[in-house]
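S.K.: Take this structure first; my questions come after.
Every read-out reported here was derived from the displayed coordinates using simple, explicitly stated rules and does not represent laboratory data. Because the structure is predicted, anything quoted here is derived from the model rather than measured. All Cβ positions, even for glycine, are placed from backbone atoms using ideal geometry, and neighbour counts span all protein chains on display.
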Amino acid sequence: MIFNKPWGVLSQFSDRDGRPTLANFIDLPEIYPAGRLDRDSEGLLVLTDDGQLQNRIAHPSHGLNKDYLVQVEGRPAPGQLQQLRQGVQLADGPARALDVILLARKPGWLWSRDPPIRSRKHIPVSWLQITLDEGRNRQVRRMTAAVGLPALRLVRIRVGEWKLGGLEPGKWRLESSG
């Protein structure tokens with residue numbers, strides 16, 4: 001199944017601190033997230049009851065491509081985008097994007113975030129679409145920060161063959177597993 005994880009929700013079914021979790025939205029037994037999205041990230045989360053499929057999706061050795069929409073602070077220079085494609089050094093090793101596309105504007109279909117992203121009068125924002133073949137902890141955010149483009153909002157829109165499509169935040173649908 002796929003789920004559109006809202007901002008502020010943990011990618012797990014329980015939390016000792018009482019924060020919102022997947023259990024607030026999904027009431028199915030024996031289903032687990034295949035991979036994670038940080039609490040402050042949104043979008044596509046694949047869940048399954050198949051351990052082999054979960055491993056194929058989550059483990060970096062399988063190189064499953066993932067697409068993210070990223071709102072960054074500032075206007076990227078071509079050199080910054082090229083740095084993301086060529087690779088940046090992170091604390092846990094090198095990381096590179098398979099592709100980076102500078103979008104003309106926020107995609108029209110993308111919902112507003114609640115709470116809204118902070119806006120600063122004299123600092124522009126831009127939207128990128130970034131494709132990775134791994135998904136280390138906070139990797140996209142760390143990569144954009146490494147090139148001087150702090151991420152303000154991160155929305156995963158694709159994991160391998162699974163796409164978010166028109167799924168609204170907090171909603172899920174059953175999908176066949178490939």
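S.K.: Among [x] 23, 19, 15; [y] 27, 19, 15; [z] 29, 18, 15, only one was calculated for this model; which label is it, if the read-out is semi-axes √(5λ) of the Cα gyration tensor in Å?
M.R.: Given [x] 23, 19, 15; [y] 27, 19, 15; [z] 29, 18, 15, the structure-derived one carries the label [y].
S.K.: Identify which of Asp38, Asp27, Asp99 has the largest mean-square fluctuation in a Gaussian network model of the chain, with springs joining Cα atoms closer than 10 Å.
M.R.: Of the options given, Asp27 has the highest mean-square fluctuation.
S.K.: Further, regarding this structure: In nm, to one decimal, how far is the modelled label at Arg36 from the one at Gln89, with both set 7 Å along Cα→Cβ?
M.R.: Label at Arg36, label at Gln89, 2.7 nm between them.
S.K.: Let me ask something else. How many nm separate the modelled label positions at Phe25 and Asn55, each set 7 Å beyond the Cα in the direction of the Cβ?
M.R.: Here the modelled spin labels are 2.8 nm apart.
S.K.: Please enumerate, by chain and number, the aspartates and glutamates with C-alpha under 16 Å from the C-alpha of Lys121, excluding those fewer than 8 residues away in the same chain.
M.R.: Hits, sequence-local ones excluded: Glu73.
S.K.: Hey, another quick one. If the elastic network links every pair of Cα atoms under 10 Å, which of Arg136, Arg113, Arg153 fluctuates the most in the Gaussian network model of the chain?
M.R.: Per the Cα network of the chain with a 10 Å cutoff, Arg113 tops the list.
S.K.: Say each of Leu110 and Asp17 gets a label point 7 Å from the Cα, pointing the same way as Cα to Cβ; how far apart are those two points in nm?
M.R.: With each label placed 7 Å out from Cα toward Cβ, I get 2.6 nm.
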